[in-house]
Amino acid sequence: MSCRRKGSTVVGAIVSGLLALPAAAQPSWPAKPIRLLVGYAPGGPVDIVGRLTAQRLSELLGQPVVVENRPGAGATIASEAVARAAPDGYTLLAAGGGELSIAPSIYPALGYSPVKDLAAIGLVASSPLILVVNPRVPVQDVKGLAALVRSQPGRINFASSGQGSTAHLASELFGSMTGAQIVHIPYKGAGPALADLVGGQVDMMFTGVSAALPFVRGGKLRALGVSGPRRLPTLPEFAPVAESVPGFEVITIYALLGPSALPRDIIQRINTEIGRLVAEPGPRERLLALGAEPGGGTPEQLAAYIAREIPKWAKIVKAAKIKGE
């Protein structure tokens with residue numbers, strides 16, 4: 001046999017051997033940093049919970065989980081980017097609910113389906129929103145605010161983290177249930193919206209407890225109530241809005257999702273680590289201190305929740321005639 005033929009045989013054997021390596025010998029996930037896209041500006045509740053999650057997941061997964069903010073269009077820009085990303089586990093979404101359950105009713109040409117194009121991974125936490133006003137607004141409770149906005153139709157405005165966000169829909173729901181006409185001022189995230197609320201450029205806002213609480217504690221904002229059905233165990237001083245507006249209820253979620261074709265083993269690995277994260281005393285206490293209830297559960301439970309919420313919000317969007325940016 002010639003040297004050339006011997007060389008070819010050796011090379012062929014090496015290649016065949018590499019192709020025959022078992023899956024366990026291939027680089028396991030994760031083998032490099034993971035991007036966690038957030039569809040809101042820094043400083044908002046989704047960003048805060050997303051960064052808390054990213055920090056602990058980095059430790060649990062053994063690779064950096066890097067938060068990347070892509071605000072705009074009710075967080076649908078980030079959501080679509082994840083829906084179109086390679087399903088390799090290196091591009092994930094930290095969602096706040098609106099981009100999943102509300103966006104389909106607001107954006108007729110939405111570039112993704114929350115049900116078909118995104119894979120539910122796990123629920124990190126859920127939380128009511130908190131209703132806050134600038135201290136110059138002359139009210140002390142929800143009944144006073146409802147009376148004020150009814151007496152001045154079109155003069156009181158509310159900020160939101162974006163057109164079509166859960167915060168936006170909460171304010172629209174409040175207006176419709178109290179018979180008040182309130183002007184909507186959308187922002188690209190809760191952070192800039194809160195900054196203007198503190199500065200007095202806007203009057204009121206529904207937002208995540210985690211983002212607003214430092215301003216409330218510092219006397220820069222006045223809290224009137226929470227949007228959930230009951231008082232939070234860690235913040236019992238804030239009564240449900242429903243005590244003054246019967247039937248009012250808005251809950252937001254903080255969840256992780258990925259591209260629809262994300263392998264099941266990666267989904268299960270992240271879901272397991274989320275379950276571990278929310279059970280640990282440190283992260284759990286931080287979530288509770290932010291006014292959020294630690295999550296958990298299966299990917300299937302999260303997917304079912306998202307599917308149920310879509311028709312619920314569609315009715316409110318239609319009644320308020322809300323359109324996307």
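Please treat every number below as a calculation from the coordinates, not as lab data. It should be emphasised that the depicted structure is a prediction, and the values quoted were computed from it without experimental measurement. Backbone-built Cβ (ideal geometry, glycine too); neighbour counts: all protein chains shown.
When you count the other C-beta atoms within 10 angstrom of each residue and take the mean per peptide, 267-276, 236-245 line up highest first as 267-276, 236-245.
Separation of segment 142-178 from segment 218-252 is 15 Å, based on Cα centroids. Judged by the mean number of other Cβ atoms found within 10 Å, the most tightly packed of the peptides 180-193, 200-213 leads the ranking 200-213, 180-193. Look at PHE248, PHE158 and count the other Cβ atoms within 10 Å of each Cβ; fewest to most, that gives PHE248, PHE158. In the list [x] 35.0, 112; [y] 19.5, 63; [z] 23.1, 99, the label attached to Rg and Dmax of the Cα atoms in Å as derived from the coordinates here is [z]. Report summary: the helix-based calculation at 222 nm, which adds -39500 (n - 2.57) for every DSSP H run with n ≥ 4 and divides by the residues of the chain, gives -13000 deg cm²/dmol. Each Lys or Arg adds one and each Asp or Glu takes one away; over the other residues whose Cβ falls under 10 Å from the Cβ of GLY111, this sums to -1. If you model segment 89-211 as an ellipsoid using its alpha carbon gyration tensor, with each semi-axis the square root of five times an eigenvalue, the axes come out at 30, 16, 13 Å, biggest first.
Taking a sphere under 13 Å around the Cβ of LEU131 and counting the other residues whose Cβ falls inside, with K and R at +1 and D and E at -1, yields a net charge of -2.
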